[in-house]
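The values are calculated or read from the model by the stated rules, or taken from the named source; none is laboratory data. Source: prediction; values computed, not measured. For neighbour counting, all protein chains shown are included, and Cβ atoms are generated from backbone atoms with ideal geometry for every residue, glycine included. Note: areas computed on protein heavy atoms with side chains; ligands, DNA, RNA excluded. Shrake-Rupley method; radii C 1.70, N 1.55, O 1.52, S 1.80 Å.
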Amino acid sequence: AVADDGWTGVFGMATLPLARGSGAARCVLAALAEWAIDQRADNMYLQVENNNVAALRLYEQAGFTPVSEYHYRTAIYAR
């Protein structure tokens, strides 16, 4: 996470396969929220791929709502 100007951004969160469903991600997100408050950056945003159903469910349960979409661009090399 990064905190700047009242906002905290969460990027690249991942859960080990063995820990999935154990509440680990929920605990990490809660800890980041507490850290954000300590940084005086308690507005939070995050990035998640739109096909990551488990993460989307977690973030929705935590109160996040979609505000925009993005996609990665990849170079196509002709041979």
How do the pairs read when you match residues in region 11-34 that are closer than 19 Å to N50 by Cβ with residues anywhere that are outside any helix (DSSP H, G or I), using Cβ under 6 Å and keeping only pairs 6 or more apart or on different chains?
F11/Q47; A25/T15; L29/A62
Scanning region 30-51 for residues that are of a type outside the set (S, T, Y) and touching a Phe, Trp or Tyr at 6+ places or on another chain (Cβ under 8 Å), which turns out least open to solvent (accessible area, probe 1.4 Å)?
A41
Quick one: count up the residues across region 32-66 that are over 13 Å from the mean Cα position of the chain (by Cα) and either part of a loop (DSSP other than H, G, I, E, B) or of a type in the set (A, V, I, L, M) (or both).
7
Does L18 satisfy the condition of being exposed (fewer than 10 other Cβ atoms within 10 Å of the Cβ) and modelled with pLDDT of 90 or more?
yes
